[in-house]
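Below you'll find the structure, written out as structure tokens, and then a few comments.
The values are calculated or read from the model by the stated rules, or taken from the named source; none is laboratory data. Everything numeric here is computed off the predicted structure, so don't read it as measured data. So basically every Cβ, Gly included, is an ideal-geometry build from the backbone, and we count neighbours across all protein chains shown. Keep in mind that these areas ignore ligands, DNA and RNA; they rest on the heavy atoms of the full protein, side chains included. Shrake-Rupley method; radii C 1.70, N 1.55, O 1.52, S 1.80 Å.
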Amino acid sequence: MYLKIQTTDELLCFIKEIKKTPITWVAIDTEFQRETTFFPILSLIQIATESKIWLIDALSCTDLTPLKILLENKKIKKIFHAGDQDWEILKQSTGAITCPFTDTQLMAAFATLGHSNSLESLVSKLLEISIDKSQQNTNWVKRPLTPDQLEYAAQDAAYVAKIYSLLNQKLLTSLEEKFTMIR
């Protein structure tokens, strides 16, 4: 289940809610069009915590700069998967320098699961499930977004959150084993 944010007023309410919620991390993903335009067109921002998922319609919210408060909050870690393009487009859209952040693709490499894992392959390896990526290359600029697109987008953010927790534990266990070997 997810909550849709379609106006700047709703975005401001979301930011107020996040400020009041004691969270230490959020998983973030974006959907955008880059193929037929010089600058990418941000369409959707997905933000997940352990208990909620928000889908922010970047085309209908006239001002995304309130997100800067979340993206630059040093007490909340921002988690991405292969986040280079996400960081770029979020900076362009909000003016934010996202920090602190982590990238599950890099975490997977350090956890010896291989380099350049897609989200789909990591979910398969860590959760042993297959995810439907059929909506990945759909037209994210065309409105209204379909229920299938919205569900796909929400699930991507939820999976980033789930694999982050597993990768974090895997890395901690690996570090403990290495320190035990050194002793």
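Quick look at the values:
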quantity: Test for Lys20: is it open to solvent by 80 Å² or more (accessible area, probe 1.4 Å) and either on the phi > 0 side of the Ramachandran plot or modelled with pLDDT of 95 or more (or both); calculated: no
quantity: Residues of segment 13-45 classified as closer than 18 Å to Ile69 by Cβ and in contact with a Leu (Cβ under 9 Å, 6 or more places away or on another chain), total; calculated: 9
quantity: In segment 109-129, the residues that are part of a helix (DSSP H, G or I) and either over 23 Å from Gln155 (Cα atoms) or touching a residue at least 12 places away in the same chain (Cβ under 8 Å) (or both); calculated: Phe110, Leu119, Glu120, Leu122, Val123, Lys125, Leu126, Leu127
quantity: Check on Leu145, outside any helix (DSSP H, G or I), in contact with a strand residue (DSSP E or B) (Cβ under 8 Å, 6 or more places away or on another chain) and either open to solvent by 60 Å² or more (accessible area, probe 1.4 Å) or touching a residue at least 24 places away in the same chain (Cβ under 8 Å) (or both); calculated: yes
quantity: Filtered residue count, segment 69-87, keeping only those that are within 13 Å of the chain's Cα centre (by Cα), open to solvent by 40 Å² or more (accessible area, probe 1.4 Å) and of a type outside the set (Lys, Arg); calculated: 4
quantity: All positions within segment 3-16 that are open to solvent by 50 Å² or more (accessible area, probe 1.4 Å) and over 16 Å from Glu72 (Cα atoms); calculated: Leu3, Lys4, Gln6, Thr7, Asp9, Glu10, Cys13
quantity: Test: residue in segment 164-174 that is part of a loop (DSSP other than H, G, I, E, B), out of contact with any strand residue (DSSP E or B) (no Cβ under 9 Å at 6 or more places or on another chain) and surrounded by fewer than 20 Cβ atoms within 10 Å (Cβ to Cβ); calculated: no
quantity: Strands (runs of 3 or more DSSP E) within segment 7-80 that include 2 or more residues out of contact with any helix residue (DSSP H, G or I) (no Cβ under 8 Å at 6 or more places or on another chain) and of a type outside the set (Phe, Trp, Tyr); calculated: 41-48
quantity: Subset of segment 30-68 that is surrounded by fewer than 19 Cβ atoms within 10 Å (Cβ to Cβ) and of a type in the set (S, T, N, Q) - its residue that is nearest to the chain's Cα centre (by Cα); calculated: Thr49
quantity: Residue satisfying condition, being assigned to a loop (DSSP other than H, G, I, E, B) and among the acidic types (Asp, Glu), within set Asp132, Asp86; calculated: Asp132
quantity: So Leu106, is it among the hydrophobic types (A, V, I, L, M, F, W, C), assigned to a helix (DSSP H, G or I) and within 17 Å of Ile18 (Cα to Cα); calculated: no
quantity: Members of segment 147-183 that are in contact with a Leu (Cβ under 9 Å, 6 or more places away or on another chain) and modelled with pLDDT under 95; calculated: Lys170
